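In what follows, a single structure is set out as structure tokens and then discussed.
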Amino acid sequence: EFVFGGMQAGELPEGGARRREGVDGGAGLLGDVALAPLGGGLREAGTLGDRMYSIVEGEVEIVFGDEVVERVGPDGIFGELSLIEPGPRTGTARAKTRVRLVPIDKKKFEFLVQQMPYFALHVMKILANRLRDIDTKYKAK
């Protein structure tokens, strides 16, 4: 059963849908799984973000300008900066393949950080790796 409950207009690209199910297909902790079509723009740089995403299946490209700076696959996340420090999104996320992802709003994010400390460490490791990649790239120039 596909529903759009709880999502604001424009939160998913046209053709996207949201289904009530857990990450494991059951009534999981995170709840909804969003579906995005191939090539769909998931988030645009400069827009305000109110959630992050965990990828269940598929691949998302993170684009700065015309350059793909990262490809994020299953078990990866994107959009986390908007929950840590509110502000405009720094990059555009677009589906490289058909994508199943779990939207995590601020309330769920704070719950995960408080109740599952390893989740917070996981997010910090991802951010640290992204900073290292940027540092390496700019040192090479």
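The values are calculated or read from the model by the stated rules, or taken from the named source; none is laboratory data. Worth saying up front: this structure is predicted, and the values here are computed from it rather than measured. We place every Cβ from the backbone using ideal geometry, glycine too, and count neighbours over all the protein chains shown. For the accessible areas, the whole protein counts, side chains as well, though only heavy atoms, and no ligand, DNA or RNA atoms are used. Shrake-Rupley method; radii C 1.70, N 1.55, O 1.52, S 1.80 Å.
Checking the structure you have, find out if any residue of the stretch 61-76 is buried (at least 18 other Cβ atoms within 10 Å of the Cβ), among the aliphatic types (A, V, I, L, M) and outside any loop (DSSP other than H, G, I, E, B).
Yes; the residues of the stretch 61-76 include at least one that is buried (at least 18 other Cβ atoms within 10 Å of the Cβ), among the aliphatic types (A, V, I, L, M) and outside any loop (DSSP other than H, G, I, E, B).
Considering every residue within the stretch 132-141, establish whether at least one is closer than 17 Å to TYR53 by Cβ and open to solvent by 40 Å² or more (accessible area, probe 1.4 Å). Spell out the reasoning first.
Filtering the stretch 132-141 for residues closer than 17 Å to TYR53 by Cβ gives none.
No: the stretch 132-141 contains no residue that is closer than 17 Å to TYR53 by Cβ and open to solvent by 40 Å² or more (accessible area, probe 1.4 Å).
For ASP133, only one of the following conditions fails: (1) touching a Lys or Arg at 6+ places or on another chain (Cβ under 8 Å); (2) part of a helix (DSSP H, G or I). What is its number?
Only one criterion is unmet by ASP133, namely (1).
Assess whether PHE119 counts as being touching a strand residue (DSSP E or B) at 6+ places or on another chain (Cβ under 7 Å) and either open to solvent by less than 30 Å² (accessible area, probe 1.4 Å) or in a helix (DSSP H, G or I) (or both).
No, not satisfied.
Listed residues THR92, THR97; which is under 16 Å from ILE62 (Cβ atoms), open to solvent by 40 Å² or more (accessible area, probe 1.4 Å) and at pLDDT below 90?
Within the list THR92, THR97, the selection yields THR97.
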